[in-house]
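Take a look at the structure below.
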Amino acid sequence: MKKRLLTATFLTIAVLGLFGCGKKEETTEATTTEVTTEEASSEDTSHEGMTYNELTGEWSADYVSRRPVAVMINNLKEALPSSSTKQADVIYECMVEGGITRLMAIYSNYENLEKVGSVRSARHYYINIANEYNAIYVHYGQSKPAKEILDQKVIDNINGLTYDAGFYRDSDRVAPHNAYTTGERIVKGIEDFNYSTEYDSTHEKVLTFNEEDTDLTNGQDAGTVRVSFSNYSKPYFIYNADTKLYDRYEYDAPQIDNLADENDNVLNFKNVIIQISSYECINQKNDLQELTQIGEGTGYYCTNGKEIPITWKKETKGTPTKYYTEDGQELLLNPGKTWISIIGDGENAGVTFE
């Protein structure tokens with residue numbers, strides 16, 4: 001099988017249990033590839049009686065448009081399998097301290113979630129991402145930089161350290177991997193804090209979708225997408241031609257949802273975005289990271305077994321991150337669920353396609 005190495009250049013990222021800062025360098029530029037797509041329109045009369053889900057680009061007669069919730073999910077090996085991650089519309093994966101990663105699962109439908117988690121603490125750059133979606137942020141605790149932001153009331157949030165009713169401990173696991181929530185508890189938290197479920201007037205959608213499933217023009221083979229955050233965290237995705245989805249693998253095994261049907265419990269996604277940015281250690285003692293979010297950079301978009309290079313841009317903290325094809329057109333995703341990995345630009349970070 002032919003393998004192409006498409007990796008960002010070097011930044012030393014700390015591995016689990018080994019704390020320290022690395023030296024940043026520049027990322028690798030992506031080559032130009034064209035893609036012809038047609039944007040989905042929320043005004044399309046063929047969808048009469050249906051509502052558009054801006055997180056997936058899909059229409060449904062049962063869907064109700066409202067603010068989503070964004071839940072911090074544990075991704076350590078000893079905390080897996082997780083619960084209700086398969087029901088998320090969008091999942092972000094970013095690096096935190098020690099070279100490990102943490103997930104943020106974004107749900108448009110959440111009230112009937114039986115069990116969600118395990119839930120972990122906030123990081124400040126995840127708060128910024130959640131705010132892009134005008135989401136209600138659900139977490140259990142926070143880092144010091146995250147607390148400074150939360151204290152400024154910049155986001156509606158439900159925090160397990162200050163709101164016991166929103167969470168419970170599972171006796172089958174040990175702390176800190178045993179904190180969970182449910183859809184019912186999230187709804188109660190929203191009501192108790194009197195948070196609005198309506199999008200605010202300044203809300204702007206983050207992702208843009210094709211009206212129908214569309215293959216990438218001139219896309220390169222991406223049957224397997226290997227993503228490296230650090231020496232410790234090296235997840236990957238394998239394309240399933242039967243389902244036309246990417247199956248997620250973590251720690252050399254399928255990443256599953258322990259509440260899903262055993263015949264369909266692997267996390268899978270129509271779209272995979274690899275966004276290349278930079279991480280910087282901002283605290284030597286515990287290796288807390290800063291993620292560059294404002295500015296622009298490169299990345300890759302994968303769907304239907306192919307990939308193309310893309311660019312990303314975020315103009316200010318209050319504007320959403322936008323993705324573009326190499327010809328400068330806004331990237332249109334295929335309707336369905338999306339996984340976004342934000343990796344660094346160093347020697348232990350990169351992506352390969354097979």
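One table, with the values for the structure above:
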{"quantity": "Count of segment 267-310 residues which are among the acidic types (Asp, Glu) and without any contact (Cβ under 8 Å) to a residue 40 or more places away in the chain", "calculated": "1"}
{"quantity": "Output for segment 74-109, where each listed residue is in a loop (DSSP other than H, G, I, E, B), within 22 Å of residue 271 (Cβ to Cβ) and not small (Gly, Ala, Ser)", "calculated": "75, 89, 109"}
{"quantity": "Matching residues in segment 89-100 - criterion: being more than 11 Å from the chain's Cα centre (by Cα) and crowded, with 22+ Cβ neighbours inside 10 Å", "calculated": "95, 96, 99"}
{"quantity": "Subset of segment 110-161 (residues that are touching a strand residue (DSSP E or B) at 6+ places or on another chain (Cβ under 7 Å), over 14 Å from residue 73 (Cα atoms) and part of a helix (DSSP H, G or I))", "calculated": "125, 129, 145, 146, 150"}
{"quantity": "Exclusive hit being modelled with pLDDT under 95 and either under 20 Å from the mean Cα position of the chain (by Cα) or surrounded by 15 or more Cβ atoms within 10 Å (Cβ to Cβ) (or both), set 218, 231", "calculated": "231"}
{"quantity": "Tally of residues being part of a loop (DSSP other than H, G, I, E, B) and out of contact with any Phe, Trp or Tyr (no Cβ under 9 Å at 6 or more places or on another chain) across segment 253-279", "calculated": "9"}
{"quantity": "Qualifying positions in segment 234-259 - β-branched (Val, Ile, Thr) and under 18 Å from the mean Cα position of the chain (by Cα)", "calculated": "238, 256"}
{"quantity": "Residue within segment 280-299 that is of a type in the set (Asp, Glu) and at positive phi present", "calculated": "yes"}
{"quantity": "Hits in segment 181-212 - residues which are over 16 Å from residue 111 (Cβ atoms) and basic (Lys, Arg)", "calculated": "205"}
{"quantity": "Residue in segment 154-165 that is crowded, with 21+ Cβ neighbours inside 10 Å and closer than 27 Å to residue 344 by Cα present", "calculated": "no"}
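The values are calculated or read from the model by the stated rules, or taken from the named source; none is laboratory data. Quick caveat: nothing in here was measured; it's all calculated off a predicted structure. Every residue, glycine among them, receives a Cβ derived from its backbone with ideal geometry; neighbour counts consider all protein chains shown.
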